[in-house]
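Read-outs: derived from the displayed coordinates by stated rules, not from any lab. Quick caveat: nothing in here was measured; it's all calculated off a predicted structure. Cβ atoms come from the backbone with ideal geometry, glycine included; neighbour counts cover every protein chain shown.
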Amino acid sequence: MSAGTSPVRPESRSLAGELTRLLDASPDAVVVVDRSGTMVALNSRLEQLFGYPPGALRGRLIETLLPVRYRHRHAAVRAAYGTSPTVRPMSARGDLTGLRVDGTEFPVEIALTPVPGSPEGLVMGVVHEGTARALLADALAESARTAGALDAIADSVVTTAADGRVEFLNRSAEALTGWERGTARGRPLLEVLPVRQEGDTEPLDHMVARCLATGLPGASCEAMLPAGTGDARTLDISVTPIHEGGHLAGAAVVARDVTHARLIARQLSHQATHDALTGLVNRREFERRLGRALTSAAEEHAEHVLCFLDLDGFKQVNDACGHQAGDELLRQLSDVMRERMRSRDTLGRLGGDEFGLLLEHCRLATAERIAEEIRAAIEGHRFAVDGGSYAVGVSIGIVPIRGGGEPSEVLRAADGACYGAKRRGGNRIQVDDSARPRQEAPGGADWPRRVRAAIEQDRFRLHAQALVPLAGAEAGAPRLELLLRLDEGPGEPLLPGSFLPAARRHGLMPRVDRWVIRQTVRRLDDWRRAHPEVPPPSVAVNLGEESVLGGDVPGLLHEALAGTGLTPGAVCFEIDEAVAVAHPAATIGLLRELRAVGCRTALEHCGSGMAVFTLLRQLPVDYLKIAGHVVRGVAGDPVARVLATAINDVGHALGIATVAVEVETAETLACVRRLGVDYAQGFGIARPEPLEVMLDLLAAGPAGDRSVSPA
């Protein structure tokens, strides 16, 4: 490979400019190369070490610094290193020779540190002249007690006797440890050099003992030296045996201070993965973390959420006040968003005035609450510049992540939802569920067995969420909606989105529904017996499409209630609007049977379509549950408010009570109250709890109620 000049990409030139000051502050000769071997950044000490004038090396291949006979081999080694880059500790490399500009050769040592996240595949090299290590080896071979020879070495050297106790420190080691050689003599090694090592690295005193036992050098390691005053130091340590008169007389611990080199490596990595203006992660790093979340969702069935945020009105501020003011506004709004995130969340700048927010291990409702807090905070932020005050908004698209797909696909879906929010006027939130993968996640073929096992081994768990009556609603027993979870061991139970789609595809929903009905009745009856003075709540159970079409729900309920003190009125069965529209005759027939035996009935997700309005006169239901996407928009979307009003008015005209679900904010609650809706349900009212916990809260009365008061 030629050692001539290689073209430097624009991003490499930019990186080099940012690094110059940091590299020049290093006491070591430092060079940064990209995957092609081009030197994209270096400091003056490297130029001085190889005798080059300032600016002569940047943009040239690293092989320029090697004799011609080594260049081809080194290029091959470098390419192999690039396929699996690792931190290589500093150690003497007798076969590595440097070439000065005047043609003279000298031994060199290079410590390599890859820069994680850098798109150019950057690697940092710290270069030392190898002569000092050669002198050290000679001094140790001839006489470890030659203080003058060891004092001439810049590295810190601590020698021990055959018993492992300290015998000598050179001047550099005295400065590093704060010990004088006379005071340190005879003390345990770790008392004089109290380093801490991480991971599986062999402790320093063990390394020395092994060296003394075998007479062989120990492997190099990296360790931290706590500082009495100031910052801790990072050391590269190696252990070498000392021979005198053909006998093993002790060991030498050689420590090189690599603190600044590691600082450069960390800052290089930070620059490669973070946006320079805001300090947020950049798009490349954000997509990497999003990919990790997709894998987690697929393999662990974890629930994550992606938000795509696009500022509304930023261009006007940027155009009116200039780019410097625009940059400052972006920095301020980045802080506004960070303050409303959880510590585990990732906020990234994706470009311009677009941001991504990755909420890991987060339920959709929680993500919507966080997004709304961010939206409201940005809307309320005032940017003062040149005597004026400016305000911007933000449109946010939200997509739940439940496994499968590529980061770019999920980002496109979230971007699409964000665009939908902008089309509706901007400064609002829109949830798009279309990013849920249509294919089963890895291991999905195993879901039928897992669902059957959950039924047979009672591994399903019942949670409950309260419905709170608003003004005008009938008084009576508390009302709860039951929610299903799957408990497969340590960690949070799986949400229904993980397993119910597979249960539907494989025809298992009737068995799931039967399990829910039987367990619900049993647990309600157990609670009733334990609290005879408290009226049992009314609980809502969702029925799947298969159960509507032929599950004999009335017969199953009659069987479950036999021998209990419960009446059918304790159970309310809910059927999805889409099922009612698709199968009107079966839905009407089942609802009539359930009402005939004394059960209450409900139609959920009302407002997802319009066809249901033609069926409402025929559907014997007690409650209409307004769809969550309609309820979420009532505070700011006139269309959503009109639709919610229509559902509420039609329901009341037919003598049917109405329920607003997914009520997450006080503003939404106030709106549905003004509309005359009878009941409210959502995280802003009461969070789901295990059924046993919710029943205990009911037994405790108002003092034990965790829900937010609707008043």
Fully extended contour minus Cα-Cα distance, from residue 187 to residue 582, at 0.36 nm per residue: 133.6 nm
Which semi-axis lengths, in whole Å and largest first, follow from the square roots of five times the eigenvalues of the Cα gyration tensor of region 617-704? 25, 17, 10
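How far, in nm, would the chain grow between residue 562 and residue 613 when pulled straight, counting 0.36 nm per residue and subtracting the alpha carbon separation? Before the final figure, lay out the partial values.
On the way: separation 51, 0.36 × 51 = 18.36 nm, distance 3.70 nm.
That pair, residue 562 and residue 613, stretches by 14.7 nm at full extension.
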Given a Förster radius of 41 Å and the C-beta distance between residue 266 and residue 243 as r, what FRET efficiency does 1/(1 + (r/R0)^6) yield to the nearest 0.05? 0.55
Theoretical gain in end-to-end length, residue 487 to residue 384 [0.36 nm per residue, Cα-Cα removed]: 31.9 nm
Measure nothing but the geometry: give the 0 to 90° angle between the long axis through the Cα atoms of 496-505 and the longest principal axis through the Cα atoms of the chain, rounded to 10°. 60
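Which whole-number percentage describes the relative contact order of region 153-258, with Cα contacts under 8 Å and a sequence gap of 6 or more?
Over region 153-258, the number comes to 27 percent.
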For the chain, report the % of Cα-Cα distances exceeding 38 Å. 55
If I take the Cα coordinates of region 34-77 and project them onto the principal axes, what are the three extents in Å, biggest first? 28, 21, 12
Mean separation of Cα pairs under 8 Å and 6+ residues apart, divided by the residue count of the chain: what relative contact order is that in percent? 7
Under 5 Å from the placed amide H of residue 242, counting only residues 5+ away or on other chains, we find 249, 250, 251, 252
Can you pull out the GluC sites (Glu not before Pro) in region 526-563 whose DSSP state is coil and whose Cβ has at most 12 other Cβ atoms within 10 Å? 533
So the angle from the long Cα axis of helix 666-675 to the longest Cα principal axis of the chain, reported in degrees to the nearest 10, equals 20
Quick one: dipole size for the chain, taken about the Cα centre, charges +1 on Lys/Arg Cβ and -1 on Asp/Glu Cβ, in debye to the nearest 20. 720
One finds, for residue 323 and residue 424 with R0 = 35 angstrom and r their Cβ-Cβ distance, a FRET efficiency to the nearest 0.05 of 0.75
From the helices alone, meaning DSSP H stretches of at least four residues, give me the mean residue ellipticity at 222 nm for the chain, per-run term -39500 (n - 2.57), in deg cm²/dmol to the nearest 500. -12500 deg cm²/dmol
Förster radius 35 Å - calculated FRET efficiency between residue 276 and residue 104, Cβ distance, rounded to 0.05: 0.30
Hydrodynamic calc, region 153-258: Kirkwood Rh from Cα pairs, then Stokes-Einstein at 4 °C with viscosity 1.567 mPa s, so D in µm² s⁻¹ is 95
Sorting 55, 557, 106 by the position of each Cα along the dipole of the chain (Lys, Arg +1; Asp, Glu -1; all at Cβ), the one nearest the positive end of that ordering is 557
To check you understand DSSP bridge types, tell me what percent of the beta bridges within the chain (both residues inside) are antiparallel, rounded to 5. 75
Near residue 325, within a Cβ-to-Cβ distance under 15 Å, what is the net charge of the other residues, with Lys and Arg +1 and Asp and Glu -1? -2
Where q = 0.25, 0.28 Å⁻¹, what log10 of I(q)/I(0) comes from the Debye formula for region 275-340, counting one point per Cα? -1.14, -1.23
